[in-house]
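Asker: The following block contains the structure, expressed as structure tokens.
The values are calculated or read from the model by the stated rules, or taken from the named source; none is laboratory data. Values in this document were obtained by computation on a predicted structure and should not be read as measured data. Reconstructed Cβ throughout: ideal geometry from the backbone, glycine too, with neighbour counts over all protein chains shown. Surface areas here come from the heavy atoms of the whole protein model, side chains and all, with no ligands, DNA or RNA. Shrake-Rupley method; radii C 1.70, N 1.55, O 1.52, S 1.80 Å.
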Amino acid sequence: MDKPKPDTIVVNAGRDPAANHGVVNPPVYHASTILFPTVEALHAAQKQRNPTKSRYGRYGTPTTFALEEAVCALEGGHHSIVVGSGVAAIVVALMAYVKSGDHVLMVDTVYGPSRRLCDTVLARFGVSTTYYDPGIGGGIATLIRDNTKVIFLESPGSLTFEMQDVPAIVAVAKARKITTVLDNTWATPLFFRPLSLGVDVSLLSATKYISGHSDLMMGILTANEAAYPALRRAADDFGAASGPDDCYMALRGLRTLSVRLQRHQETGLTLARWLKQRPEVARVLHPALPDDPGYPIWKRDYTGASGLFAIELKPVGEASVAAMLDGLEFYGMGYSWGGFESLALPSDPSAIRTATAWKDRGPLIRIHAGLEDPADLIADLEKGFARLRKNSS
Ligand SMILES: *Cc1c(COP(=O)(O)O)cnc(C)c1O
């Protein structure tokens with residue numbers, strides 16, 4: 001049989017109705033203690049460490065394994081590991097491959113808390129970090145030291161959406177035997193499959209599009225065969241478990257990921273194109289717009305764009321931005337994204353960039369295009385711009 005296409009995998013992976021009384025979805029197993037009938041079976045389970053057989057609730061239950069199997073099939077990896085949040089996934093991915101005295105190359109446009117982890121926790125344990133320009137590509141070779149163990153990528157970048165040349169960086173990393181980790185939260189494995197380009201570990205904040213309903217926290221890591229054992233050990237050592245109810249909800253969200261993402265993509269592009277024409281907007285930061293600097297890479301490596309992007313306003317005071325955002329009817333203001341609802345968030349990357357400069361730029365607003373009718377979303381923004389103009393004159 002031909003290998004099923006991604007949309008078919010989304011629907012079918014990690015399900016076995018025949019093993020569950022014909023029930024379509026896997027059951028929710030609540031578990032701490034797992035019992036073994038004999039000493040021999042107990043010892044066998046300890047030794048075997050089969051990632052799809054539990055020996056204790058912290059290592060997962062069949063509900064966890066169903067979700068891991070489904071995401072792994074999409075990412076095209078060896079195994080996936082579910083942990084309690086996206087940040088927990090980042091902690092596990094970094095701690096799995098570094099020790100005191102090692103060096104990490106971290107993209108300058110990385111998610112803020114990833115950066116804080118490097119500057120505080122890793123620094124405290126004697127691991128140094130160099131931040132690199134997301135546009136560096138193969139030039140990353142010049143930053144590699146003898147003790148460089150991990151190159152961390154996130155594409156597109158948080159807040160400012162710069163694309164990275166993943167194959168060029170992976171080629172350098174492979175030649176130097178350095179582990180590559182990529183935060184794939186924005187694209188999800190439906191629109192980008194890092195492991196197929198040679199990345200060792202792909203991680204997701206499943207809090208975002210996988211769950212898709214703004215009601216749970218979760219992270220999922222997927223590794224190739226070589227990178228998996230150390231990753232599994234780190235996840236176990238950090239006790240980074242997720243509860244079975246959340247695993248069930250994430251699987252439920254996953255089943256509709258494809259149709260939701262298509263709509264997020266369409267509405268995101270509709271809003272982005274409309275915003276480009278607005279006199280209040282200096283720039284739209286969206287890698288799927290043909291004149292975006294990231295477009296050639298996006299077009300080459302990605303099969304779609306999700307609904308998260310940003311606009312840079314022409315210079316205007318904070319009060320004017322607040323007047324625009326405070327009165328929006330259909331855009332919530334808050335952290336996270338990837339749920340069914342639209343969001344608009346003021347952001348300022350200037351304080352968290354060191355390898356690249358974000359200075360003398362207009363205010364940035366990050367927009368998450370939800371599943372509402374795009375016409376309502378545009379009308380809401382139009383009224384927002386009217387408030388902005390009224391407050392800046
Ligand atoms: C939200 C986010 C995370 C962190 O995920 P949580 O589930 O909130 O811990 C990591 N990376 C990116 C790109 C994110 O947007």
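Asker: Would you please name the residue that is farthest from Thr270 (Cα to Cα), looking only at residues in region 341-354 that are touching a helix residue (DSSP H, G or I) at 6+ places or on another chain (Cβ under 7 Å) and either open to solvent by 30 Å² or more (accessible area, probe 1.4 Å) or within 15 Å of the ligand (Cβ to nearest atom) (or both)?
Answerer: Step by step, filter region 341-354, then rank; the result is Ile352.
Asker: Only one of Pro156, Pro113 is closer than 23 Å to Ala241 by Cα, within 16 Å of the ligand (Cβ to nearest atom) and in contact (Cβ under 8 Å) with a residue 24 or more places away in the chain; which?
Answerer: Pro113
Asker: Before we move on, is Ala13 within 16 Å of the ligand (Cβ to nearest atom) and open to solvent by less than 40 Å² (accessible area, probe 1.4 Å)?
Answerer: Judged against the criteria, Ala13 is not a match.
Asker: Hey, another quick one. Picking from Leu35, Leu74, Leu105, which residue would you name as being open to solvent by 30 Å² or more (accessible area, probe 1.4 Å) and either more than 16 Å from the ligand (Cβ to nearest atom) or more than 24 Å from Tyr228 (Cα to Cα) (or both)?
Answerer: Just one listed residue meets the conditions, Leu35.
Asker: Quick check on region 199-214: of everything there that is within 19 Å of Ala66 (Cβ to Cβ) and more than 10 Å from the chain's Cα centre (by Cα), which residue is nearest to the ligand (Cβ to nearest atom)?
Answerer: If we take residues in region 199-214 being within 19 Å of Ala66 (Cβ to Cβ) and more than 10 Å from the chain's Cα centre (by Cα), then Ser211 is nearest to the ligand (Cβ to nearest atom).
Asker: Right, something else. Is it the case that some residue within region 40-50 is part of a loop (DSSP other than H, G, I, E, B), at pLDDT below 95, more than 16 Å from the ligand (Cβ to nearest atom) and within 22 Å of Arg233 (Cβ to Cβ)?
Answerer: Checked region 40-50: at least one residue is part of a loop (DSSP other than H, G, I, E, B), at pLDDT below 95, more than 16 Å from the ligand (Cβ to nearest atom) and within 22 Å of Arg233 (Cβ to Cβ).
Asker: Further question: Let me confirm something: among Ile144, Ile220, Ile140, which residue is more than 14 Å from the ligand (Cβ to nearest atom) and surrounded by 21 or more Cβ atoms within 10 Å (Cβ to Cβ)?
Answerer: Ile140
Asker: Considering only residues that are in contact (Cβ under 8 Å) with a residue 40 or more places away in the chain and open to solvent by 10 Å² or more (accessible area, probe 1.4 Å), look in region 50-63 and name the one that is farthest from His30 (Cα to Cα).
Answerer: The qualifying residue farthest from His30 (Cα to Cα) is Pro51.
Asker: Could you check Trp186 against (1) open to solvent by 10 Å² or more (accessible area, probe 1.4 Å); (2) in contact with a helix residue (DSSP H, G or I) (Cβ under 6 Å, 6 or more places away or on another chain); (3) near the ligand (Cβ under 10 Å from one of its atoms) and say which number it fails?
Answerer: It is condition (2) that Trp186 fails.
Asker: Does any residue of region 79-93 turn out to be at pLDDT 95 or above, closer than 30 Å to Arg116 by Cα, assigned to a loop (DSSP other than H, G, I, E, B) and open to solvent by less than 80 Å² (accessible area, probe 1.4 Å)?
Answerer: yes
Asker: Across region 290-331, what is the total count of residues that are touching a strand residue (DSSP E or B) at 6+ places or on another chain (Cβ under 7 Å) and open to solvent by 70 Å² or more (accessible area, probe 1.4 Å)?
Answerer: Count: 1.
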